[in-house]
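A quick write-up on the structure given underneath.
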Amino acid sequence: MLLFHSVLQQLLQTKVIAQSVVNGHLNQLGANMTRKAIDPNSIKLTLDQMGQTVEVMNSVINRLKAHLDEVLKTLEIDTPNNNKEDDKELEQLLLSLKDKHIH
């Protein structure tokens, strides 16, 4: 349960970081486009940076998915009979994390 919670937190932190980085790139792109003399090279560089950011975030998410799969396999082996209290606790945890990180 604790490992699953950790993976969820990492995934949500990754989302927040990705949003921040992409917003920074978009702000830079907007600044470049609102200048009187639009610099195509600067815009291209910003778009390239955004593409690299997306690739890195996809890589992080794929690693987190793989880690989560391993955690779930371990949980299935360790606890073949799921406990309803654990299910309720997990559901509450997911709801609280979702509420904290919406937007």
Within segment 29-57, restricting to residues that are modelled with pLDDT under 75 and in a helix (DSSP H, G or I), the one that is farthest from residue 69 (Cα to Cα) is 34
Pair list, Cβ < 6 Å and 6+ apart or interchain, from segment 87-103 residues that are more than 16 Å from residue 11 (Cβ to Cβ) and surrounded by fewer than 10 Cβ atoms within 10 Å (Cβ to Cβ) to residues that are among the aliphatic types (A, V, I, L, M) and at pLDDT 70 or above: none
How do the pairs read when you match residues in segment 9-34 that are farther than 14 Å from residue 56 by Cβ and polar (S, T, N, Q) with residues anywhere that are at pLDDT 75 or above and surrounded by 14 or more Cβ atoms within 10 Å (Cβ to Cβ), using Cβ under 7 Å and keeping only pairs 6 or more apart or on different chains? 10/64; 28/46; 32/42; 32/43; 32/46
Would you confirm whether or not segment 62-76 contains a residue that is surrounded by 12 or more Cβ atoms within 10 Å (Cβ to Cβ), modelled with pLDDT under 80 and over 22 Å from the mean Cα position of the chain (by Cα)? yes
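The values are calculated or read from the model by the stated rules, or taken from the named source; none is laboratory data. On a predicted model such as this, the values are computed, not experimentally measured, just so you know. Note that we place each Cβ from the backbone using ideal geometry, even for glycine, and neighbour counts take in every protein chain shown.
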